[in-house]
Ligand SMILES: Cc1cc2nc3c(=O)[nH]c(=O)nc-3n(C[C@H](O)[C@H](O)[C@H](O)COP(=O)(O)O)c2cc1C
């Protein structure tokens, strides 16, 4: 039995907000439906479920073959009252002055809810599909200049010129302003350049789910860069998981084994990158973790990364709602204040997390705020730190 220490760790984030990813139709990795389209009733139900479930944000992802993330973000704004749309934006697709206008437009339309997630591009092949031939380090340098122009476009009271490495223009502005305050800028990516730019300039720095100690050293790294850049407000930390939950840990593991077989089959039929090694560091890290071990910490499972060639966010948290909520709190204790969760059974999972996981995490945070101490959730639901969990995890159904 581990002894329970009620002290809140020094690294803990005082609060947490939840992110989902908006799905536009019912196709999933468990049950792919061959359609590239938008199913409006489904999308409406999905985002309304997020709003009802108490999520704070939803990411509108972007790829060369996806729906446009600005348009879908705008729809989220119209279909909901509270939830904040996060636009995934690749700088190569939109000039920075135009990006600033579009984001400010979204921010005004949603009365201050817009967030942008800048994607520098993790695959040369994917970037080339839209005519972007810059190598990755240059793409990050371009993202850095892009951030400067976004911020200046939102705040500059008079026309201004710009003559940089990637962009040049004369007499832009004053641009269309955001609703009240600057729009939060998030960075996705795990390359050295992502850390340099994110640490120096981003409001939010995002990760896919990693083992706790690895994540904490990555947080130290990004915050170290921020401090060296003279920042007193450090970037907020966003971490992403694909939870698999059921009433008990044992049932969750049965589900996890069923799911991974289906997900593996889906990816076997349509392998990501034709099965080639991913170029983006985030996916390389996920595959390395999967090589080292299937199971980490309280509930982190990497087999879902291994069978998908670490396509996008691919590491799972497996267990009962209590175990998964406790595992999320382990990350909050390491400094994550934004937690993204989306499941494999996308709509059902979004609803279930809202009902069963978010309230447990919020209850614990409220307890901490009220008492200055940790509650017992993490001590009571040990997951892999307890006696039976690893047995369930290795029992193939
Ligand atoms: C939370 C999160 C969300 C992401 N969303 C997208 C996305 O919508 N579209 C995309 O192409 N890449 C997305 N990425 C991937 C990376 O941002 C991308 O591969 C990066 O530009 C280069 O990765 P690297 O620095 O790890 O090599 C996301 C990454 C994270 C951490």
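Quick check, is residue 140 away from the ligand (no atom under 16 Å from the Cβ) and surrounded by 14 or more Cβ atoms within 10 Å (Cβ to Cβ)?
So residue 140 fails the test.
With segment 294-368 as the region, which helices (runs of 4 or more DSSP H) entirely inside it contain at least 2 residues that are free of Cβ contacts under 8 Å to residues at least 40 places away in the same chain?
Here the list reads 303-306.
Might you check whether a residue that is within 16 Å of the ligand (Cβ to nearest atom), touching a residue at least 40 places away in the same chain (Cβ under 8 Å) and not in a loop (DSSP other than H, G, I, E, B) occurs anywhere in segment 148-167?
No, that holds for no residue.
Here are the criteria: (1) closer than 22 Å to residue 143 by Cβ; (2) in a loop (DSSP other than H, G, I, E, B); (3) free of Cβ contacts under 8 Å to residues at least 60 places away in the same chain. Tell me which single one residue 70 does not satisfy.
Condition (2) is where residue 70 drops out.
Residues checked against (1) within 12 Å of the ligand (Cβ to nearest atom); (2) surrounded by fewer than 19 Cβ atoms within 10 Å (Cβ to Cβ); (3) on the phi > 0 side of the Ramachandran plot; (4) outside any loop (DSSP other than H, G, I, E, B):
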site: 30; (1), (2), (3), (4): no, yes, no, no
site: 33; (1), (2), (3), (4): no, yes, no, no
site: 38; (1), (2), (3), (4): no, yes, no, no
site: 41; (1), (2), (3), (4): no, yes, no, yes
site: 45; (1), (2), (3), (4): no, yes, no, yes
site: 63; (1), (2), (3), (4): yes, yes, no, no
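Please give the number of the condition residue 169 fails out of (1) within 30 Å of residue 219 (Cβ to Cβ); (2) at pLDDT 95 or above.
Here residue 169 clears every test but (1).
Sort out which residues of segment 37-67 are farther than 24 Å from residue 189 by Cβ and without any contact (Cβ under 8 Å) to a residue 40 or more places away in the chain, and write them in order of number.
37, 38, 39, 40, 41, 43, 44, 47, 48, 51
Among the candidates 246, 252, 286, which residue alone is closer than 21 Å to residue 342 by Cα and within 15 Å of the ligand (Cβ to nearest atom)?
When all the criteria are applied, what remains is 286.
For segment 193-208, enumerate the residues that are out of contact with any helix residue (DSSP H, G or I) (no Cβ under 8 Å at 6 or more places or on another chain) and either closer than 20 Å to residue 288 by Cα or within 11 Å of the ligand (Cβ to nearest atom) (or both).
Within segment 193-208, 204, 206 meet the criteria.
So is residue 207 touching a strand residue (DSSP E or B) at 6+ places or on another chain (Cβ under 6 Å) and in contact (Cβ under 8 Å) with a residue 40 or more places away in the chain or not?
yes
Anything in segment 149-165 that is in contact with a helix residue (DSSP H, G or I) (Cβ under 8 Å, 6 or more places away or on another chain) and within 20 Å of residue 88 (Cα to Cα)? List them, or say none.
149, 150, 153, 154
The values are calculated or read from the model by the stated rules, or taken from the named source; none is laboratory data. All values reported here derive from a predicted model rather than from experimental measurement. Cβ coordinates were reconstructed from backbone atoms using ideal geometry, including for glycine residues, and neighbour counts include every protein chain displayed.
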